[in-house]
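Heads up, the thing below is written out as structure tokens.
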Amino acid sequence: MVTTNSIKTIAVNIPQEIKLKITHEQFLKLALVNRDLQLERTATGELIIMTPTGSDTGRKNLGIEALLWLWNRRTKLGVAFNSSSGFHLPNGSDRSPDTAWVISVISYQLSVISTSSCLRSIPQESKRLDIRNALFSW
């Protein structure tokens, strides 16, 4: 058992067939006290603990993030985010994609749920955007 900031923590091995289900509010609290973990939550409340990427995947992800950032800087069409950003999606899930981009029309609607949580709510009316062609055509 380890005590940090007056919170007692223990390492727990959870078999893959056991599903942990939590609410959005519980997820926020859990994520705040476990900033060293990459946590996500499905729309049904299932907790997902992501493993770190390998060096090859990390290198590729950085390349994609760089291309997205450069494209967005040139076009000024929206806001780009890296893999440390968390989003509360319209379907109720809490996700942290490898990289994300939100069009300017919607980006002003992003609201910080908690200034310390850094999770942002994506508006219900937003649509998925396929920017692959735009990203690689510049």
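Among the conditions (1) modelled with pLDDT under 85; (2) part of a loop (DSSP other than H, G, I, E, B), Val102 misses just one, which is (2). Which residues, counting only those in region 49-61, are at pLDDT 90 or above and either under 27 Å from Pro90 (Cα atoms) or touching a helix residue (DSSP H, G or I) at 6+ places or on another chain (Cβ under 8 Å) (or both)? Hit for region 49-61 is Asn61, nothing else.
Annotation: of all residues in region 30-85 being of a type in the set (Asp, Glu) and more than 12 Å from Trp101 (Cβ to Cβ), the one that is surrounded by the most Cβ atoms within 10 Å (Cβ to Cβ) is Glu40.
For region 1-20, taking the residues that are within 17 Å of Met50 (Cβ to Cβ) and surrounded by 10 or more Cβ atoms within 10 Å (Cβ to Cβ), the one that is modelled with the highest pLDDT is identified as Leu20. Please go through region 61-87 and give me each residue that is outside any helix (DSSP H, G or I) and more than 8 Å from the chain's Cα centre (by Cα), ordered by number. Listed by number, the residues that qualify are Lys76, Leu77, Gly78, Val79, Ala80, Phe81, Asn82.
The values are calculated or read from the model by the stated rules, or taken from the named source; none is laboratory data. On a predicted model such as this, the values are computed, not experimentally measured, just so you know. Note that we place each Cβ from the backbone using ideal geometry, even for glycine, and neighbour counts take in every protein chain shown.
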